[in-house]
Amino acid sequence: MMTACVPPGIACPAIGYVYTAPVIVEIGAGLDDGGIVAACLGEECEPAAIARNQDGVWEVPQEPPYTSAETTGLSPGDGIHIVITTGSGEVVRDEWVEVPYTGSGGFCPGPVEFQPVVIS
């Protein structure tokens, strides 16, 4: 039994907090010149094109082709692979970044809130 993980008398609930909403991506000025923004969730995935919504951000749904069929939601530490290609076909970004989040703090991972991924 491991007792050094949590102080005596504190127990974490056996409740999983699963985030299944789209991941929001914000692209900095000058990177989007009418080209293609593609993304997928994970390191070894194949990015698929996404479209900007009416709020001027890109939403990456947590469903194929943006995730694998086995994906059941985003967890802290998970990331997104983003590829930005200009209108002339030049790749200006091809990177994997961790999806930022804030937690409730304390000893339990507790509910977390995922933040937009900002590419500048």
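The values are calculated or read from the model by the stated rules, or taken from the named source; none is laboratory data. As the structure is a prediction and not an experimental result, all values here were calculated from the model. Here the Cβ positions follow ideal geometry from the backbone for every residue, glycine too, while neighbour counts run over all protein chains shown.
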- Message: Filter the range 47-88 down to the residues that are under 16 Å from Gly28 (Cβ atoms), assigned to a loop (DSSP other than H, G, I, E, B) and among the charged types (D, E, K, R) and list them by number.
- Response: Asp55
- Could you tell me which residue of the range 97-112 is nearest to Val25 (Cα to Cα), considering only residues that are surrounded by 14 or more Cβ atoms within 10 Å (Cβ to Cβ) and at pLDDT 90 or above? Val99
- Query: Does the range 80-87 contain at least one residue that is at pLDDT 85 or above, surrounded by 16 or more Cβ atoms within 10 Å (Cβ to Cβ) and within 17 Å of Thr20 (Cβ to Cβ)?
  - Reply: yes
- Note on the structure: Scanning the range 62-79 residue by residue, those crowded, with 16+ Cβ neighbours inside 10 Å and free of Cβ contacts under 8 Å to residues at least 40 places away in the same chain turn out to be Tyr66, Thr67, Thr71, Asp78, Gly79
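Report whether or not Gln115 is under 15 Å from Val18 (Cβ atoms), at pLDDT 85 or above and within 13 Å of the chain's Cα centre (by Cα).
On the way: under 15 Å from Val18 (Cβ atoms): no; at pLDDT 85 or above: yes; within 13 Å of the chain's Cα centre (by Cα): yes.
Taking the combined requirement at face value, the residue does not satisfy it.
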- Members of the range 89-99 found to be touching a residue at least 40 places away in the same chain (Cβ under 8 Å) and in a strand (DSSP E or B), listed by number: Val92, Arg93, Trp96
